[in-house]
Amino acid sequence: MLVCDNDKVMRNHLVKCINSMKDIEFIKTTENGIQAVQNIKKGNFDILIIDVDIPYKNGIDAAREIFNINPDIYIIFVTAFKEYALDAFSIYSFDYILKPFNEKRLLKTLSKVIENIKLKKMVKRFLNNNKEKFIFRKSRKTYIVNLEDIIMFEKNGRTTKIYTKDLEQEFYESFYDIEKRLSVDFFRTHKSYIVNINKVKKIVPHTKTSYKIEFKNNNLKALLSKKNEIKFLNRLYLVKKDNCVI
C-alpha cells in the first residue's frame, strides 16, 4: 500500500489506522504527487491512499497517471476538498473520504478493497481451470455462475447487480474489472449496463440518445446508448445464434 499526503501528522495518523488491520503487509509513505507516481512505477502496490492537495502534481492528476500505469490499483482519496469527487470517480477511484476522516469508514473501505483483491487472486486461479464461469463475492459468500446463464449487469451507484434467471445479487466490483472477465458474448451497451448478447430479444426506440433492450423469457430491460449502436449491432450479428428484432 502507498499513502500519499504532504501533512506528516496526517500520514502518521493514516498509517496508525491502517496498521490496525491484519491483512496489510506493507505500507510506504510519500508526500507529493511526483513521488507517488515514481513509487508506483518502481513497486508493486495494490492500494493507493492519496490526498488531492499535494505538491508538484495534485492528487487527481497523480492518480490519473497512476491508473494508466496500473489500472488494477485501488485508489482511495482522503481529502478535505469535496468538490473534486466527480473527478476522482472518473478515474475509477474506489472511495472518496473527507477529512477529518472517520476511522471506521476508512477501515470499512479497506476491508472491501482487501476482499476484492483476494477475490481477484482467487478468480485468476479459478479461471485457469474454468473458462466459462463468473465468480464474485458478497458478504463473505462466494457465488459461481455460468457465463451463459447471465442476462446482464447493471451499475447502481458504487455497486453492480448481476441478473440471471434465478439470481439477482448486488456486489462490489467495477465494470472495468468485470469486462475483463467476460467473453465476447457480452457487450457494454451503456454506462450502466453490460448485456449478454445471446439473451437479447428486441431493441426498441426509447429516447433521443438511447434504445431500450428487451430480453428473452423475462421482463428485464437495459439501455443501449446511440453512440454505442453501431459497435453493438456489429457484435450482435457476429455472436447472435438466433433472430433478434431491431
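Just name the residue that is surrounded by the fewest Cβ atoms within 10 Å (Cβ to Cβ) out of those in the stretch 66-81 that are closer than 14 Å to PHE45 by Cβ and not aromatic (Phe, Trp, Tyr). By that ranking, first place goes to ILE69.
The single residue among TYR96, TYR84 that is outside any helix (DSSP H, G or I), surrounded by 14 or more Cβ atoms within 10 Å (Cβ to Cβ) and of a type outside the set (A, V, I, L, M) turns out to be TYR96.
Which numbered condition trips up GLU173, out of (1) within 21 Å of PRO71 (Cβ to Cβ); (2) part of a helix (DSSP H, G or I)? Just one mismatch for GLU173, condition (2).
Considering the conditions (1) assigned to a loop (DSSP other than H, G, I, E, B); (2) without any contact (Cβ under 8 Å) to a residue 60 or more places away in the chain, LYS161 is excluded by exactly one of them, (1).
Does any residue of the stretch 17-31 turn out to be in a helix (DSSP H, G or I), more than 27 Å from TYR176 (Cα to Cα) and among the β-branched types (Val, Ile, Thr)? No. For the stretch 184-229, a tally of residues being part of a strand (DSSP E or B), among the acidic types (Asp, Glu) and over 16 Å from TYR163 (Cβ atoms) returns 0. What are the residues in the stretch 1-16 that are touching a residue at least 24 places away in the same chain (Cβ under 8 Å) and either surrounded by fewer than 17 Cβ atoms within 10 Å (Cβ to Cβ) or more than 18 Å from PHE45 (Cβ to Cβ) (or both), if any? If the condition is that a residue be touching a residue at least 24 places away in the same chain (Cβ under 8 Å) and either surrounded by fewer than 17 Cβ atoms within 10 Å (Cβ to Cβ) or more than 18 Å from PHE45 (Cβ to Cβ) (or both), then ASN6, ASP7, MET10 are the ones that fit.
A short reminder: the numbers here are calculations on the coordinates, not readings from a lab. Not measured: the values here are computed from a predicted model. Counting neighbours? That spans all protein chains shown, and the Cβs are built from the backbone with ideal geometry, glycine included.
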